[in-house]
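The values are calculated or read from the model by the stated rules, or taken from the named source; none is laboratory data. Please read these numbers as outputs of a predicted model, since none were measured by experiment. In this analysis, Cβ positions are derived from the backbone assuming ideal geometry, glycine residues included, and neighbour counts consider all displayed protein chains.
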Amino acid sequence: MTRNAFPKTLARRPISLVSASNAINMASTLSVAKAATLASTLSVASAATLASTLSVAKAATLASTLSVAGTATLGAAAVLGGATSNSVGFYGSAGATQRAAAAQATTAVAVSASFGATQLAALQEVMNVLIAAGLMKGSA
């Protein structure tokens, strides 16, 4: 079905069901007044704006960027950065992949009567992680 395949009468009045065995290309806006159920895939080639709520029952895969202007609520088991090689950033930072440094070893901060170079290195590593993720500025 091509984008001009819908009769003009359908474009002017609400329809209750659209069923297609192949792709449907829309040149303009798709408005859904109530609920919409997709049995397979919804592909959006350009920007999309949601005026209300998007509910996903199982999984959603984004090949690019998801921008949220307001508040986003993530339910149970939300994962940011699905692999150690994925970047995670906050407050507009580019983000960073998961760091691995010798100073992160928990034995570096084992019980000690004094604060020395080993403990300082561990503290600096924590600061470097927070700065790289954008959670700490790192300067005045």
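Contact map, the range 119-140: residues that are touching a residue at least 40 places away in the same chain (Cβ under 8 Å) and closer than 13 Å to residue 96 by Cα paired with residues that are β-branched (Val, Ile, Thr) and surrounded by 15 or more Cβ atoms within 10 Å (Cβ to Cβ), Cβ distance under 8 Å, separation 6+ or inter-chain. Pairs shown: 133/88.
What about residue 68, is it part of a loop (DSSP other than H, G, I, E, B), of a type in the set (A, V, I, L, M, F, W, C) and within 27 Å of the chain's Cα centre (by Cα)? Yes. One residue alone among 17, 42, 10 is under 30 Å from residue 82 (Cα atoms) and modelled with pLDDT under 75, and that residue is 42.
Of all residues in the range 74-89, which are surrounded by 10 or more Cβ atoms within 10 Å (Cβ to Cβ) and modelled with pLDDT under 85? If you could, list the steps in order and put the result at the bottom.
Just the residues of the range 74-89 that are surrounded by 10 or more Cβ atoms within 10 Å (Cβ to Cβ), to begin with: 80-81, 86-89.
Hits for the range 74-89 are 80, 81.
Scanning the range 90-101 for residues that are surrounded by 10 or more Cβ atoms within 10 Å (Cβ to Cβ) and hydrophobic (A, V, I, L, M, F, W, C) yields 90, 96, 101.
Whether a residue is of a type outside the set (Phe, Trp, Tyr), within 27 Å of residue 135 (Cβ to Cβ) and part of a loop (DSSP other than H, G, I, E, B) was assessed, and residue 50 does not pass this test.
Residue by residue, here is whether (1) part of a loop (DSSP other than H, G, I, E, B); (2) closer than 29 Å to residue 62 by Cβ; (3) among the charged types (D, E, K, R); (4) modelled with pLDDT of 85 or more holds:
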residue: 92; (1), (2), (3), (4): yes, yes, no, no
residue: 100; (1), (2), (3), (4): yes, yes, no, no
residue: 108; (1), (2), (3), (4): no, no, no, no
residue: 120; (1), (2), (3), (4): no, no, no, yes
residue: 129; (1), (2), (3), (4): no, yes, no, yes
